[in-house]
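Student: Could you have a look at this structure, given as structure tokens, before my questions?
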Amino acid sequence: MAGLINELLNILKDQTKSYDELLVLSREKRRVIIENDVDMLSKITQAENSIIGQTQKAENRRIEVMGDIATVLGQNKDELTLTKLAELIKDQDEHDELVASGKALKATLDELKSENDRNSVLIQSSLDYIDFTVNLVRQAATASDPYINQRKSTPGEDKGFFDKSR
């Protein structure tokens, strides 16, 4: 049992480290979005995707280990959470470390979510501004084009001197 708990602790530490790396990239992404550096944004996104792949593997392993722990403890694997596990092992040496690891991971995830929400707002604002600018240019181009004949003509009516057929 202690071996499974230690393996879980190692996985939680790895996940926290990976999410900390994503947090650093997310903060850098905010700066890059503000500076409108598309090339750097692309590089950051590639780095994020690599880390996300690692975190997904760690998450799958965590789920597997939690399932093994649930089996050993006679618990339903779908209902066993870190909090419940901490309650079940409160008399063991790993209890305090498990609680601390869980809190650290949650704090990092909360901060990452907040940073990602800010970045989403910045990206949406940029897209709205681009859309506004394109519409403004489009309206200005059609309104000020002197070569567009605004007058509607009826069939058989001469449109202008150059439109007459000879």
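Student: What is the number of the single condition among (1) over 15 Å from SER18 (Cα atoms); (2) surrounded by fewer than 11 Cβ atoms within 10 Å (Cβ to Cβ) that ASP110 does not meet?
Tutor: Condition (1) is where ASP110 drops out.
Student: May I ask you to verify whether THR108 is among the hydroxyl-bearing types (Ser, Thr, Tyr), closer than 30 Å to ILE34 by Cβ and touching a residue at least 60 places away in the same chain (Cβ under 8 Å)?
Tutor: Considered against the rule, which asks whether it is among the hydroxyl-bearing types (Ser, Thr, Tyr), closer than 30 Å to ILE34 by Cβ and touching a residue at least 60 places away in the same chain (Cβ under 8 Å), THR108 comes out as yes.
Student: Name the single residue, out of those in the stretch 28-84 being more than 14 Å from the chain's Cα centre (by Cα) and among the basic types (Lys, Arg), that is surrounded by the fewest Cβ atoms within 10 Å (Cβ to Cβ).
Tutor: This residue is ARG31.
For (1) of a type in the set (Ser, Thr, Tyr); (2) touching a Phe, Trp or Tyr at 6+ places or on another chain (Cβ under 6 Å); (3) over 30 Å from LEU8 (Cα atoms), each residue gets a yes or a no:
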{"site": "ASN76", "(1), (2), (3)": "no, no, no"}
{"site": "ALA107", "(1), (2), (3)": "no, no, no"}
{"site": "VAL137", "(1), (2), (3)": "no, no, yes"}
{"site": "THR142", "(1), (2), (3)": "yes, no, yes"}
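Quick grid of which residues meet (1) modelled with pLDDT under 90; (2) farther than 30 Å from ILE5 by Cα; (3) of a type outside the set (Gly, Ala, Ser):
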site: LEU85; (1), (2), (3): no, no, yes
site: SER101; (1), (2), (3): no, no, no
site: ALA107; (1), (2), (3): no, no, no
site: GLU111; (1), (2), (3): no, no, yes
site: SER126; (1), (2), (3): yes, yes, no
site: ALA140; (1), (2), (3): yes, yes, no
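Student: Of everything in the stretch 1-19, what is surrounded by fewer than 16 Cβ atoms within 10 Å (Cβ to Cβ), at pLDDT 95 or above and either in contact with a helix residue (DSSP H, G or I) (Cβ under 7 Å, 6 or more places away or on another chain) or outside any helix (DSSP H, G or I) (or both)? Give them in sequence order.
Tutor: LYS13
The values are calculated or read from the model by the stated rules, or taken from the named source; none is laboratory data. Keep in mind that this is a model prediction, so the values were computed, not measured. Using ideal geometry, Cβ is built from the backbone for each residue, glycine included, and neighbour counts are taken over all protein chains shown.
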